[in-house]
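The values are calculated or read from the model by the stated rules, or taken from the named source; none is laboratory data. Note that the coordinates shown come from a computational prediction; the quantities given were computed from them, not determined experimentally. In this analysis, Cβ positions are derived from the backbone assuming ideal geometry, glycine residues included, and neighbour counts consider all displayed protein chains.
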Amino acid sequence: MLRQFNGVMKAAVLVFVLFLLAPLTGWSKEAVPVAENPEIEKRMLLLTENLRCLVCQNETIADSRADFSNDIRREIREQIKANKTDQEIVQFLVDRYGDFVLYDPPIKPTTFLLWFGPVILFVVGLGSLIVYLRRRRIQIEDVSLSQAQLEEAEALLNEDKKGKNV
Amino acid sequence: MMRYLIPLFAFMVLAAFLLVGLTLNPRQVPSPLIDKPAPKFQLNHLHQPEQIMSSDENLGKVWMLNVWASWCVACRDEHPLLVQLARTGIVPIYGLNYKDERTTALQWLKRYGDPYAISIVDSDGKVGIDYGVYGVPETYVIDKKGIIRHKQIGPVTVDSLEKTIIPLIKELQQQA
C-alpha cells in the first residue's frame, strides 16, 4: 500500500517537474527584433509606413529592403533615441528629400491639382452625365406618333398576330 | 459635327499628357536643397585618413561635390568626363566616397583615374543623408557662399556638362 503510494507520488513529482520545464520550450520568445528597444522599433515602423523609399519608389521605407531604406531606418532610430518628436523627424527628411518622401503630401498650391483634381474630374463627369440624360429625355418625349402612323403600326402588329395564328 | 470633334479633342488632350509623361524621368526628384546652404561636414580624407576636411575650407570658391562609390556602375560611365573636366582646371572637384571600402575605392581611383582635388570618406552614409543622396552618382555645384546651386542626379553627361554645369560654374565664378 505504502509502496504503491510512493510510486504515485514519484509519478506526480515527475509530472510536476515536467510542467515546470514546459515554459522553457513552449513559451520561447518571438524573434528578437534587430533593434534592442521594441518601443523605438514600433515608433520607427509607424513613421516609415508613411514614407516613400526614393530608390524603389512604390515601396514604403518600412517595407523596403533597399540599402537606402536601411540607412533611413537607422537614422530614424537614432533620432528617436535622441528624443526627437515625430514631426521633427519627418521634417528632417522633407528638408533633405522634399515632399516626395511623404505618402501623404501636404495641401499647398503646388499640390492643389493632386488633391482636388479627382473631385474636379468627378464634378465635370457628373455634370456632363446630367446634361446628356436631360437632352436624351427631351428627345424621347419629342418622338410622338401621328394618328395615321399609329394606325399603320397597329395594322402591322395585327398582321403579325394573324400570321402566327395560322 | 461637334459630336465627333469633342471625343477627338478629348483624345488629343489625353495624348498630349501621355506624350509629356514619356519624357519625364520619375527617378529625378527635384532636390529641396537647391539654393540652400550646403550641409556642413567634417570628414576624413580617403588617401590620408588621418587628415580631416571641413566643408568650410571651400568657402570663397565655386566647387563641385561628386558622390561616388566603387560599387556604383554608373559612376564608371561618368568618370572619364570628370577626369577630363579636372584636367581643364575650370573647377575643383571634390569626391565623396559614399558607403565604400577604403581599399577598393583606392584601387578604383588608380584604375580609372583620380579627378578629385580631395577625396573624402562617408563610410556610413550620414553626410549622404544630409545631402539628400539616394542614387549615386550625384553631383552638386556649390557657390562661393556655400550655397548649393545645382544637383545632377545620375551620371554627368557631355550634354549636361556643356549646357548646364559649365556655364553655371562660369557664371558663379563671376559673382563676388
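Here are a few things to note about the model shown:
- Members of region B:108-140 that are touching a strand residue (DSSP E or B) at 6+ places or on another chain (Cβ under 8 Å), of a type in the set (A, V, I, L, M, F, W, C) and modelled with pLDDT of 90 or more: B:109, B:117, B:118, B:120, B:121, B:127, B:133
- Odd one out for residue A:128, checked against (1) within 14 Å of another protein chain (Cβ to nearest Cβ); (2) under 30 Å from residue B:128 (Cα atoms): (2)
- Every condition in (1) surrounded by 21 or more Cβ atoms within 10 Å (Cβ to Cβ); (2) free of Cβ contacts under 8 Å to residues at least 60 places away in the same chain is met by residue B:141 except one, and the failing one is (2).
- Qualifying positions in region B:35-70 - among the aliphatic types (A, V, I, L, M) and exposed (fewer than 15 other Cβ atoms within 10 Å of the Cβ): B:52, B:59
- Of the listed requirements (1) closer than 20 Å to residue A:52 by Cα; (2) more than 13 Å from every other protein chain (Cβ to nearest Cβ), residue A:93 misses just one: (2).
- Residue within region A:69-92 that is closer than 22 Å to residue B:37 by Cβ, small (Gly, Ala, Ser) and either in the same structural domain as residue A:44 (by TED's automatic domain parsing) or touching a Lys or Arg at 6+ places or on another chain (Cβ under 7 Å) (or both) present: no
- Between B:19, B:46, the distinction of being away from every other protein chain (no Cβ under 14 Å) and more than 30 Å from residue A:99 (Cα to Cα) belongs to B:46 only.
- So residue A:49, is it closer than 30 Å to residue B:71 by Cβ, at pLDDT below 90 and either touching a strand residue (DSSP E or B) at 6+ places or on another chain (Cβ under 6 Å) or not polar (S, T, N, Q) (or both): no
- Matching entry among A:65, A:74, A:136 (being charged (D, E, K, R) and modelled with pLDDT of 90 or more): A:74
- Matching helices (runs of 4 or more DSSP H) fully within region B:87-176 where at least 1 residues are more than 14 Å from chain A (Cβ to nearest Cβ): B:102-112, B:166-174
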